[in-house]
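Report on one structure; see the data block that follows.
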Amino acid sequence: MIGPHHAVKTAVSSTGGAHFAFTDRWGGVSAAPYEELNLGGAVGDDPAAVGANRERAARSLGLDPVQVVWMNQVHGREVAVVDGPWGDTAEIPAVDAVVTARGGLPLAVLTADCTPVLLADPAAGVIAAVHAGRPGLVAGVVPAAVEAMTALGAEPSRIVARTGPAVCGRCYEVPAQMRAEVAQAVPASWSETGWGTPAVDVTAGVLAQLDALGVSDRHSSPHCTLESGDHFSYRRDRTTGRLAGYVWLD
């Protein structure tokens, strides 16, 4: 019997039949350095542990783990429109956003410092899960996802956007040249660390892109993955697990 201190805890919010959830690192079965709720299958963890963790996380949200649509994330801007899970034999495509108009189909995104972006237009019945790291921000993966949603009948003014735990702009230190290049593409991403060196704020950049697209209902997680011991951070630990963001409609 699993004790209450081992329960999966997720930050869940809902609006108009759309549901958004972000995991932390607790409530799973993975051993160090992936402890405990590692949901990433390509980070070196025991596949059986990852499978058990994905089942736990899905069940805690009332979801069928077999139905969850994952991605093979590559820091690009490609979008896949899906109407069901990939299945055991299908090769998961290399994309950084998945979009669906199928009610009840949960979409998921993995992160460990990058910004997970969950989007939903409940009236149109269209949702998206997006992986927005620094390269994806510059490439325009978030606008690409909104464009794919719009093609399925979504209206940007109705889209609800939630971003999850990510490295904050005061912790994401980068070379000055890199900051300049990112800010040239997305000015709102320009940042400075708490110790006065060049930085990039990916979440601020994502929110600015959404604002420019007409998405006004935007909310961000208060958690910085690098600062929080309750979340996985690649920049902090290198070998570590992955968090997940889930979005689905009733």
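The values are calculated or read from the model by the stated rules, or taken from the named source; none is laboratory data. Quick caveat, the model's predicted, so the values are computed rather than measured. A quick note on method: Cβ atoms are made from the backbone with ideal geometry, for glycine too, and the neighbour counts reach across all protein chains shown.
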### Query
Of all residues in region 115-144, how many are hydrophobic (A, V, I, L, M, F, W, C) and farther than 21 Å from residue 199 by Cβ?
11
### Message
On the basis of being surrounded by fewer than 17 Cβ atoms within 10 Å (Cβ to Cβ), in contact with a strand residue (DSSP E or B) (Cβ under 6 Å, 6 or more places away or on another chain) and not hydroxyl-bearing (Ser, Thr, Tyr), does residue 176 make the cut?
### Response
yes
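If you go through region 77-113, how many residues are in a loop (DSSP other than H, G, I, E, B), touching a residue at least 40 places away in the same chain (Cβ under 8 Å) and out of contact with any helix residue (DSSP H, G or I) (no Cβ under 7 Å at 6 or more places or on another chain)?
First pass over region 77-113, keeping only residues in a loop (DSSP other than H, G, I, E, B): 77-78, 82-93, 95-96, 101-106, 112-113.
Subset that is touching a residue at least 40 places away in the same chain (Cβ under 8 Å): 77-78, 96, 101, 103-106, 112-113.
Filter once more, so that each one left must be out of contact with any helix residue (DSSP H, G or I) (no Cβ under 7 Å at 6 or more places or on another chain): 78, 101, 103-104.
Total meeting the criteria: 4.
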### Task
Out of the residues in region 79-97 that are surrounded by fewer than 16 Cβ atoms within 10 Å (Cβ to Cβ) and among the charged types (D, E, K, R), state the one that is modelled with the lowest pLDDT.
88
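When residues of region 180-232 are filtered for being of a type in the set (S, T, N, Q) and exposed (fewer than 14 other Cβ atoms within 10 Å of the Cβ), how many remain? So that I can check it myself, show each step before the final result.
Of all residues in region 180-232, those of a type in the set (S, T, N, Q) come to 184, 189, 191, 193, 197, 203, 209, 216, 220-221, 225, 228.
Among the residues that remain, those that are also exposed (fewer than 14 other Cβ atoms within 10 Å of the Cβ) are: 184, 197, 216.
Number of matching residues: 3.
Any idea which of 45, 24 is within 30 Å of residue 144 (Cα to Cα), touching a residue at least 40 places away in the same chain (Cβ under 8 Å), surrounded by 18 or more Cβ atoms within 10 Å (Cβ to Cβ) and acidic (Asp, Glu)? Break it down stepwise before answering.
On the way: 45 fails: within 30 Å of residue 144 (Cα to Cα).
One residue alone meets the criteria, 24.
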### Message
With the requirement that a residue be of a type in the set (Val, Ile, Thr) and either in a loop (DSSP other than H, G, I, E, B) or without any contact (Cβ under 8 Å) to a residue 24 or more places away in the chain (or both), what does region 48-76 give you?
### Response
50, 66, 68, 74
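From the list 13, 30, 60, exactly one residue is closer than 19 Å to residue 165 by Cβ and modelled with pLDDT under 95. Which is it?
On the way: 30 fails: modelled with pLDDT under 95; 60 fails: modelled with pLDDT under 95.
Only one candidate passes the filter, namely 13.
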